[in-house]
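What follows is one structure encoded as structure tokens, with my remarks underneath.
Laboratory data are not the source of any read-out in this text; all were calculated from the coordinates shown. Since the model is a prediction, treat every value here as computed from it, not as a measurement. Every residue, glycine as well, gets a Cβ built from its backbone with ideal geometry; the counts of neighbours run over all protein chains shown.
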Amino acid sequence: MGDYILLAVSCVLVNNILLAQYLGCCPFMGTSKKMETAIGMGMAVIFVLVMAGAITWLIEAYVLKPFNLEYLRTIAFILVIASLVQFVEMFLRKSIPALYKGLGIFLPLITTNCAVMGVCLININEEYTFMQSLVTSFSYAAGFGLALVLFAGVRERILLARVPKPLEDTAIGLVTAGMLSLAFFAFKGMV
Amino acid sequence: MAKSITQEFVKGLWDEIPPFRLVLGLCPVLAVTKSVENGLGMGVAVVFVLVCSNILVSLLRNIIPSKVRIACFIVIIATFVIVVELLMQAYTYALFLKLGIFIPLIVVNCVLLGRAEAFAYKNGVIPSIADGLGIGAGFTLSLVSIGALREVLGNGTFFGMSVFGSSFQPFTFMVEAPGAFVCLGLMLSMMNLAGNK
């Protein structure tokens, strides 16, 4: 049990997927202008990533490995993620319309979120067990949500500040992300 | 066709240079630019995938039904990414290990999907090649320039060769994660300043 908690802490804080491993930066920049969209995106990523982590692990262990098809991993994973996202979207629209409305346009965007694909690949590369993969998937996604929400909070403040003209919008966003990343950098060496 | 082939190529180098103007495909830009060598390797890999997928998409553009086009694009791109992965594993193994997870992640690089959707699906083969080469060259150029800045300041080296001599105290901040964000942000602002948008 202790191992799992340690793993979770290291995924959320120390190896934060966004700020320490640079995965998922496009939605990080794109959906962090408002708090609501940031929360929506964070929830959607947690939801999809846990499912994707579990399914890709099973596919790697029971389909790709036994048949020596590891070189097809990239194409297999991206297809799984794309169809999973599509499936989740249809399922939510039918059965939980409230949640579907909340997540809205962020669901289809997740297909090209490299955090999802990245975590699935990390799980395989690090040779985690099934339970460990579930824990890391959830905590990486939670870390993504945490960073996104924090960043959205800062960015809403920046809107009110006077920023030099060339630095406006994305440029100041990136510099801010650097500062945030510096804050997370302090966790390094903790685990 | 309003634009000539050269214009399609040149636009990728300045007007639509991917990480700066389009703000797409940021993850590899931040992650692999610790050194010039990594940036260049990544850039070449992306150029290859981009050109090949642009060719195939534009050849098949009349066959692919528009409803499932995104899925088709992803399969095409993923195929070429696997080709690159296997080639790099065979010929440049050291670089393959350094870039690691970011090679398979070319699949989810928005630049590739974006070009397939916005350009190759609507244009012929020759302009698509030019577009792929141009955008790819722009992408490589920005990777190399960010890589150069970070490597020179953060490590005191360029392509592994020492620049400032042994008395240089490396500015380690630049090669760590926070430096990547700040560096890209400042370069973006330079571009804005120069482009007086």
Checklist entry - Once both labels are modelled 7 Å past Cα along the beta-carbon direction, what's the B:V125-B:Y93 spacing in nm? => result 3.7 nm
Next on the checklist: How would B:E8, A:E127 line up from fewest to most surrounding beta-carbon atoms within 10 angstrom?
Outcome noted: A:E127, B:E8
Item to check | region B:5-192, relative contact order in percent, only Cα pairs under 8 angstrom and at least six apart counted | outcome: 37 percent
Checklist entry - Bin by bin, in steps of 5 Å, what percent of the Cα pairs in chain B do you find, going until the bin that has the longest distance? => result 1, 8, 15, 18, 18, 16, 11, 7, 3, 1, 1, 0, 0
Next on the checklist: Taking each residue in A:109-118, count the Cβ atoms of any other chain within 10 Å of its Cβ, then average. What number comes out?
Outcome noted: 5
Checklist entry - Over what distance in Å are the Cα centres of region B:153-179 and region B:23-68 separated? => result 29 Å
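At R0 = 41 Å, how high is the FRET efficiency between B:S145 and A:S83 if r is their beta carbon distance? Nearest 0.05 is fine.
Between B:S145 and A:S83 the formula returns 0.60.
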Checklist entry - Under a point spin-label approximation (7 Å from Cα along Cα-to-Cβ), what is the A:V163-A:I39 distance to one decimal in nm? => result 2.3 nm
Next on the checklist: Are there any trypsin sites (Lys or Arg not before Pro) in region B:1-91 that are in a DSSP loop and have at most 14 other Cβ atoms within 10 Å? List them by number.
Outcome noted: B:K3
Item to check | Under the span-like rule (Cα at least 30 Å along the axis, Kyte-Doolittle mean at least -0.5), DSSP H helices of chain A | outcome: A:35-59, A:73-95, A:130-158
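Cα gyration tensor of region A:2-185, axes a ≥ b ≥ c as square roots of the eigenvalues: rounded (a/c below 1.5), prolate (a/b > b/c) or oblate?
In terms of gyration-tensor shape, prolate.
How would you rank A:13-21, A:162-170, highest first, on the average number of other Cβ atoms within 10 Å across their residues? Display every interim value, and only then the final one.
Numbers: A:13-21: 23.1, A:162-170: 14.1.
Highest mean packing first, the order is A:13-21, A:162-170.
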Item to check | Relative contact order %, region B:1-98, counting alpha carbon pairs below 8 Å whose residues are six or more apart | outcome: 20 percent
Item to check | Phi-based couplings in Hz for region B:114-123 (Karplus 6.51, -1.76, 1.60; Gly and Pro marked x) | outcome: x, 5, 4, 6, 7, 10, 4, 5, 10, 10
Next on the checklist: Going by amide H atoms built from the backbone, whose H comes under 5 Å of the H on B:F158, apart from near neighbours?
Outcome noted: B:V163
Item to check | Charge dipole (debye, nearest 20) of chain A; +1 at Cβ of Lys and Arg, -1 at Cβ of Asp and Glu | outcome: 560 debye
Checklist outcome for this item: Label model pair B:V163, A:F91: point-to-point distance (7 angstrom along the Cα→beta-carbon line) in nm is 5.1 nm
Checklist entry - If one computes the Cα centroid of region B:104-136 and of region A:60-82, what distance in Å separates the two points? => result 25 Å
Checklist entry - How do A:Y22, A:Y128 rank when sorted from fewest to most other Cβ atoms within 10 Å of their own Cβ? => result A:Y128, A:Y22
Next on the checklist: Cut-off is 10 Å between beta-carbons; in what order do A:I96, A:I110 appear when sorted fewest neighbours first?
Outcome noted: A:I96, A:I110
Next on the checklist: When the expected Rg is taken as 2.2 N^0.38 Å, what fraction or multiple of it is the alpha-carbon Rg of the protein assembly as shown?
Outcome noted: 0.97
